[in-house]
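Okay, structure first, notes after.
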Amino acid sequence: MLQRFLDPLVLAQVARLDLIAKTVVDGFVAGLHRSPDFGFSQEFAEYRSYTPGDDLRHVDWSVYARSERLYLKRYRGETNSQLSVLVDASNSMSFASGKLSKIDYARFAAASLFYLANAQRDAAGLVVFDDEVRNYVPPSTRQGQFHRLLHGIEQAEPRLRTNYSKPFQHLMEFLRRRGVVVVFSDFYEEPETVIRSIEPLRFRGNDVVLFHVLDPRELDPKIKDPVILVDLETQDSLEVTPDYAQREYRSKITAHCEALRQKAKGAGMDYYLMATDKPLDGALHEYLSIRLGRL
């Protein structure tokens, strides 16, 4: 039953984004209560990895004694986190082999994280981008922020091409404190370019999570006859044969995802591949795992 309510196609039938977010998070939290690996309550205690320069007084030495890894323990009453979500709204995000596009899936996942942040009284902000920053909602906990964020992602319509440098330069300019930075994108760019654009945020001590949103047919194309494929961003066309799709293309997309994963890991970022036919609890699980310092 829980899986059904986290199915993105089922969620797509819900008219309001706030109800989608509530359904996903409430169902996920109910699952956490049954899990031996997670705890979740209103008195959420957060663990995060030690970063050089952090106050050693906040290190949990009992955890260090067991694991020989440094974690900081923070309580709700002491400090809350800051979440910044970047949503790629370039033309390629409009692709859908079924009823749900990549941008819709990203909207659902982002709304769920905003709902979770709102429930935990964390400051949350939004950047919508293509080749420019199209919308920026500064991180805040003020009244009405959740609905401002939802409005921002509801208005995110795919257009133009992707430029990763501009949104991250923008965020670097305006972020005043460290936090969690989450990026939803199909990452159709050289992995080196993506990571180079995002690295400065990691250097400043932010936890960075890359959610790689792809349609299942981008990962496993089903082509029975030769077809002409058109790039949604450049409008370039390419004739593709079934043999190319099954062999060469598959090896290329697999290599691209693996290169992005490895380069993200090397830069101290976290990477998670999200196919748009998969339940959204995977995104929340990954996000909370990072927050709890369990990776």
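The values are calculated or read from the model by the stated rules, or taken from the named source; none is laboratory data. Given the structure is predicted, the values throughout are model-derived calculations rather than measurements. Every residue, glycine among them, receives a Cβ derived from its backbone with ideal geometry; neighbour counts consider all protein chains shown.
Overview of values
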read-out: Exclusive hit being free of Cβ contacts under 8 Å to residues at least 40 places away in the same chain, more than 18 Å from the chain's Cα centre (by Cα) and farther than 23 Å from D7 by Cα, set R148, R121; value: R148
read-out: Any hit, segment 131-144, residues being over 28 Å from R16 (Cβ atoms) and in contact (Cβ under 8 Å) with a residue 24 or more places away in the chain; value: yes
read-out: Cross-chain or 6+ apart pairs with Cβ under 7 Å, segment 241-263 first and more than 18 Å from R196 (Cβ to Cβ), then modelled with pLDDT under 75 and of a type in the set (A, V, I, L, M, F, W, C); value: P242/I223; A245/I223
read-out: Residue check for V87: within 20 Å of the chain's Cα centre (by Cα), modelled with pLDDT of 90 or more and surrounded by fewer than 23 Cβ atoms within 10 Å (Cβ to Cβ); value: no
read-out: Odd one out for L175 among (1) surrounded by fewer than 18 Cβ atoms within 10 Å (Cβ to Cβ); (2) farther than 28 Å from I253 by Cβ; (3) at pLDDT below 90; value: (1)
read-out: Answer residue from segment 134-152, given it is within 25 Å of S94 (Cα to Cα) and touching a strand residue (DSSP E or B) at 6+ places or on another chain (Cβ under 6 Å) and is surrounded by the most Cβ atoms within 10 Å (Cβ to Cβ) among those; value: L149
read-out: Among the candidates Q235, Q246, residue that is of a type outside the set (S, T, Y) and either modelled with pLDDT of 95 or more or over 22 Å from D130 (Cβ atoms) (or both); value: Q246
